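Participant: Have a look at this one before I ask anything.
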Amino acid sequence: MKAQFIKLDTIEETEDGSIIINANNISSIRRLNYNDIVQTMILMVGGERFGVRQMPEEVVEMIEHAKEYSLL
């Protein structure tokens, strides 16, 4: 299976405010209220978590786009 990398805007402090993840390793995507901030929680295979600014629908759309792009 080919890796599908997507770039997301993260809630955590990072150098450029974003993270790049392999979409194939996402185990769940949920929208929740955490510390009075509504955010999307990405849970990865292996237990790693990322809070991101995109809506779950936007994340799914980015994954689909990455998969279409890799087929070209």
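The values are calculated or read from the model by the stated rules, or taken from the named source; none is laboratory data. The shown structure was predicted, so the numbers you read here are calculated from the model rather than taken from an experiment. Cβ coordinates were reconstructed from backbone atoms using ideal geometry, including for glycine residues, and neighbour counts include every protein chain displayed. Surface accessibility is based on the protein's heavy atoms, side chains included, excluding ligands, DNA and RNA. Shrake-Rupley method; radii C 1.70, N 1.55, O 1.52, S 1.80 Å.
Participant: Enumerate the whole-percent occupancy of each 10 Å bin, from 0 to the last occupied one, for all C-alpha pair distances of the chain.
Facilitator: All Cα pairs considered, the percentages come to 20, 53, 23, 3, 0.
Participant: With a probe of 1.4 Å, find how much accessible area the chain has per residue, and write the answer as a whole number in Å².
Facilitator: Each residue of the chain exposes 72 Å² on average to a 1.4 Å probe.
Participant: At 1.4 Å probe size, what's the solvent-accessible area of residue 58? Round to the nearest 10 Å².
Facilitator: The accessible area comes out at roughly 90 Å².
Participant: How large is the helix-only mean residue ellipticity at 222 nm for the chain, computed as the sum of -39500 (n - 2.57) over DSSP H runs with n ≥ 4, divided by its residue count, in deg cm²/dmol to the nearest 500?
Facilitator: On the way: 1 runs with 16 residues, N = 72.
When only DSSP H runs of four or more count, the value is -7500 deg cm²/dmol.
Participant: To the nearest 20 Debye, how big is the dipole of the chain about its Cα centre, given +1 on the beta carbon of each Lys and Arg and -1 on that of each Asp and Glu? Present the calculation step by step, with values, prior to reporting the outcome.
Facilitator: Numbers: 7 positive and 12 negative charges, 63 e Å.
With Lys and Arg at +1 and Asp and Glu at -1, about 300 debye.
Participant: Let me ask another. Roughly how tilted is helix 56-71, in degrees to the nearest 10 and between 0 and 90, from the longest Cα axis of the chain?
Facilitator: It is inclined by approximately 20 degrees.
Participant: I would also like to ask the following. Applying the Karplus parametrisation 6.51 cos²θ - 1.76 cosθ + 1.60 with θ = phi - 60° to the phi angles of the stretch 6-20, what ³J(HN,Hα) value in whole Hz is obtained for each residue in order, glycine and proline being reported as x?
Facilitator: Result, ordered by residue: 10, 10, 10, 7, 8, 7, 5, 6, 10, 4, 10, x, 9, 9, 10 Hz.
Participant: If I take every Cα pair under 8 Å that is 6 or more residues apart in the chain, average their sequence separation and divide by the length, what percent do I get for the relative contact order?
Facilitator: Relative contact order here is 30 percent.
Participant: Which ³J(HN,Hα) values in Hz, rounded to whole numbers, follow from the phi angles of the stretch 36-42 under the Karplus curve 6.51 cos²θ - 1.76 cosθ + 1.60, where θ = phi - 60° and Gly and Pro get x?
Facilitator: With the stated coefficients, the stretch 36-42 comes to 6, 10, 7, 8, 9, 9, 9 Hz.
Participant: Now for a different question. Give, in nm to one decimal, the length gained when the segment between residue 30 and residue 5 is fully stretched (0.36 nm per residue of separation minus the Cα-Cα distance).
Facilitator: 7.1 nm
Participant: May I ask you to compute the full-extension gain from residue 44 to residue 18, defined as 0.36 nm times their residue separation minus their alpha-carbon distance, rounded to one decimal in nm?
Facilitator: Taking residue 44 through residue 18 to full extension adds about 7.8 nm, to one decimal.
Participant: Tally up the carbon and sulfur contribution to the accessible surface of the chain as a whole percent, 1.4 Å probe, everything protein left in place.
Facilitator: The nonpolar share, carbon plus sulfur, comes to 51 percent.
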